[in-house]
Amino acid sequence: MAVAQLNSETLSTIKEESWFLIIGRRFIRHKLAVVGMVFVLIFIFAAIFANVLAPYDPYKQNLAPPYSNPSSEHILGTDELGRDVFSRLLYASRISLFVTVLVNFVSETIGVIVGAVSGYFGKWVDSLIQRIVEFLLTLPTLPLLLFFSAMLRGITIPGLPDEWSKAIIISLVLIAFGWLTATRLVRGMVLSLREQDFVQAARSLGASDWRIISKHMIPNSLAPVIVNLTLGLGGVIVLEAALSFLGFGITPPVPTWGNMLQNVQERMWQQPWLAFYPGLCIFLTSLSFNYIGDGLRDALDPRLKL
Amino acid sequence: MTNYLIRRFFQMSLVVVAASMAIYFILWLAPGGPLDELKIAGAGGRANQGFSEEQIARIAEYLGLHRGPFWGYIAWLGGEDWFDDIGRPELQTSSCQSVESTCSRGVIRGDFGVSWNVARGSPVADVLLSRLRNTMILMTSATVISLLIAVPIGIISAVKQYSRLDYFVTTFSFFGTAMPVFWFGLMMIILFGGNQSPLYKAFGFPYLPTGNVILVRNPLPGSLLELLNATPGSTVDIAVHAILPTIVLSLLYMAGWSRFMRTAMLEVLRQDYVRTARAKGLRERVVILKHAMRNGLIPLITIVVFQIPGIFGGATITETVFNWPGMGFLYVYALGATDYPVAMAFLFISAVLVVIASLIGDVLYTVVDPRIRLN
């Protein structure tokens, strides 16, 4: 019998593929997701090393005349105060990426916990949480975000530099509405997991509710959460930029991609690049995150494909 | 059904009251209200320019801010004309105390108070109504155009999955969801708007207006308005002004909705009854149009129904970029100018419309799909 002849030597030649390797190989098949990954890595690199890469101080008004055209000294020209646009773009990527990463990780974490609790305990806990989530989901997001950021405009966090204090305040506003989709997602997963045999087994072994939630429910519903998180990264970048553009997000002089577009309207025919590059950065990062999310969805859970 | 509707109405009013309380109390707690501004103006030793305590108290009484959050909310919701009937005339605003007809009648009787800044002194309802027409023009045209294009495109793209058109549609919707509207709007303005636009300069392409709803002066030479000989305030004038914002908004909606339709249709095409229809030997055309499409269109209800609050509320960003004096633009302006009565009215009406829309949606689903039961 062939099966009987399998000895330890032949078994050792069969390599067990790690989960990450399988996922990685499937991910690489999605060409645009890989391109998106490259773009995101470039942006992260630019954000981390902004202080090294930037040729000028983003806040300092240089001796260069305002609204100067791109030249060898200022490769993207200067803005209305003679500040180097390229340096400001680099520093802006710090704030924008920080906000989007913070918002998504915190709201996804809240969503996972609330969703798991809601789905696991059911009954009135579930219906209360679900009514709240449903109501918040139907509300028009942007007017409410504007409302909350307008309310928090004057508040600063003591002990933090101005830009980070503003960034955290705006992140809190975005988190307030960011946890909803993750909550629904995880609740749905938990509802179906709850009835499965391995959960019954854990319960009959006397595992506590918290243990079942943290060891069985959450790890098993993580794949769609990761996808949701990646897609959310692209969404939050645009939202934060929109708030800043409307004057309710992070306000100048702190540069963000959104507020760099705020004052370009007067000069945008003479210096169209002032309007072009900040928006292009928003668009490219958002698009990249969306494609990475799409690639991850294909890789992590082929059944999820829509 | 009647029972269900009664229960829903009860829940809906509860939700609306909770939402209005949240709006009111958050605004109450927020720093930077009108009184804070006066206090700041009074600080810094400019005694002769600033406001004394007494003056600030008088202004608070004029605006109704002296009554505190609890009675303030009651007055905002239910009016203040009955305060003297219950023996608390001091809770009324100063003008209401002297002239009975100036008393606020409260939101539930359709009185949203008086604007603080945007149009100081005029009733909020009038301010909102003056913008409603512009928003409705923009939102209805964008909604109708995008539905007419997105629905067929989504269906075709699902039927011909993995075709070239399908790839185009999915890529388009990816670009649309990642696109910051304000940037897209700015780029459109640079390309097509005003006599500085490169298309006009290079090719004499008739340029489009970049803001406002109607002309204030005669159209400039070279613009599309001059070409069409538009007179200020005419239909042509309004239509030409609406072109750019409508295009931007429609493309945005289309990106989302075509993908939504595609997903819904793909879902239906996988169903057993579609396979059965094919197995019966029906022509593909009949299978798609008679069996699949009818069911594929059901989720469209959600989109259409939730456009109801949208048609009132407008598109905040698009209206701001194109300087389109609609509701969304008004709301942003009111928030920036701390005109809280206007902002509150906007949010309150939006919340009511959202609640109504979700009820209409739920009821419509039972009409279209008898398998769904309300309970």
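Annotations
- Per-peptide average of other Cβ atoms within 10 Å, ordering A:124-130, A:29-35 highest first: A:29-35, A:124-130
- Net charge dipole, chain B: roughly 2180 debye, given to the nearest 20, about the Cα centre with Cβ charges of +1 for Lys and Arg and -1 for Asp and Glu.
- Scaled to the globular estimate 2.2 N^0.38 Å, the Cα spread of the range B:317-375, given as radius of gyration, is 1.65.
- Amide H contacts under 5 Å for A:Gly249: A:Ser244, restricted to partners 5 or more places along the chain or on a different chain, H placed in the peptide plane at 1.01 Å from N.
- Across the range B:40-170, Cα-Cα distances exceeding 17 Å account for 72% of all pairs.
- Over the protein assembly as shown: helical MRE at 222 nm, DSSP H runs n ≥ 4 each giving -39500 (n - 2.57), nearest 500: -21000 deg cm²/dmol
- Kirkwood hydrodynamic radius of the protein assembly as shown, from inverse mean 1/r over distinct Cα pairs, in Å: 28.4
- Shielding of peptide A:142-154 by partners, expressed as the average count of other chain Cβ atoms within 10 Å per residue Cβ, is 6.
- By the combined test of axial Cα extent (at least 30 Å) and Kyte-Doolittle hydropathy (mean at least -0.5), the qualifying DSSP H helices of chain B come to B:2-29, B:124-159, B:235-269, B:340-368.
- Average projection, convex hull of the Cα set of the range A:148-306: 13.0 square nanometres.
- Helix A:222-246 axis, angle to chain A major axis (alpha carbon atoms, nearest 10°): 20
- Since only A:Gly295, A:Ala242, B:Gln55 are under comparison, the one whose Cα sits farthest along the positive direction of the charge dipole of the protein assembly as shown, derived from C-beta charges on Lys, Arg, Asp and Glu, is A:Gly295.
- Simple Cβ-charge dipole of the range B:266-365, Lys/Arg +1 and Asp/Glu -1, about Cα centre, in debye nearest 20: 900
- Remark: chain A carries a charge dipole of roughly 560 debye about the Cα centre, counting +1 on each Lys and Arg Cβ and -1 on each Asp and Glu Cβ.
- Using a cutoff of 8 angstrom between alpha carbon atoms and counting only pairs six or more residues apart, the relative contact order for chain B works out to 19 percent.
- Semi-axis lengths (Å, descending) of the ellipsoid that matches the C-alpha gyration tensor of the range A:234-306: 32, 13, 8
- Kirkwood hydrodynamic radius over Cα pairs of the range B:127-368, then Stokes diffusion coefficient at 25 °C and 0.890 mPa s, in µm²/s: 122
- Among B:Gln92, B:Asn3, B:Tyr73 the positive-end extreme of the charge dipole of chain B (Cβ point charges): B:Asn3
- Inter-centroid distance (Cα atoms) of the range A:232-296 relative to the range A:93-157, Å: 22
- Cα-based helix-to-principal-axis angle, A:180-194 vs chain A, degrees rounded to 10: 10
- Selected from A:Met268, A:Met260, A:Met189 as most flexible by GNM, with chain A as the system and alpha-carbon contacts under 10 Å: A:Met268
- Cα centroids of the range B:281-348 and the range B:159-181: 21 Å apart.
- Per-q log10 I(q)/I(0), the range B:244-375, q = 0.15, 0.16, 0.18 Å⁻¹ (Debye; single scatterer per alpha-carbon; no solvent): -0.86, -0.92, -1.04
- The relative contact order of the range A:164-239, computed from alpha carbon pairs under 8 Å that lie at least 6 residues apart in sequence, is 37 percent.
- The radius of gyration of the Cα set in the range A:79-171, together with its Dmax, comes out at 18.2, 61 angstrom.
- Summary: within chain A, the longest segment free of GluC sites (Glu not before Pro) located in DSSP loops with at most 15 other C-beta atoms within 10 Å is A:81-194.
- If you run the Gaussian network model on chain B, springs between alpha carbon atoms under 10 Å, then out of B:Tyr200, B:Tyr331, B:Tyr162 the most flexible one is B:Tyr162.
- Dimensions (Å) - chain A, Cα atoms, principal axes, largest first: 83, 54, 37
- Of the residues B:Pro152, B:Ala337, B:Gly314, the one whose Cα sits farthest towards the positive end of the charge dipole of the range B:127-368 is B:Pro152 (charges of +1 on Lys and Arg Cβ, -1 on Asp and Glu Cβ, taken about the Cα centre).
Read-outs: derived from the displayed coordinates by stated rules, not from any lab. All values reported here derive from a predicted model rather than from experimental measurement. Please note: Cβ atoms are built from the backbone with ideal geometry, for glycine as well, and neighbour counts cover all protein chains shown.
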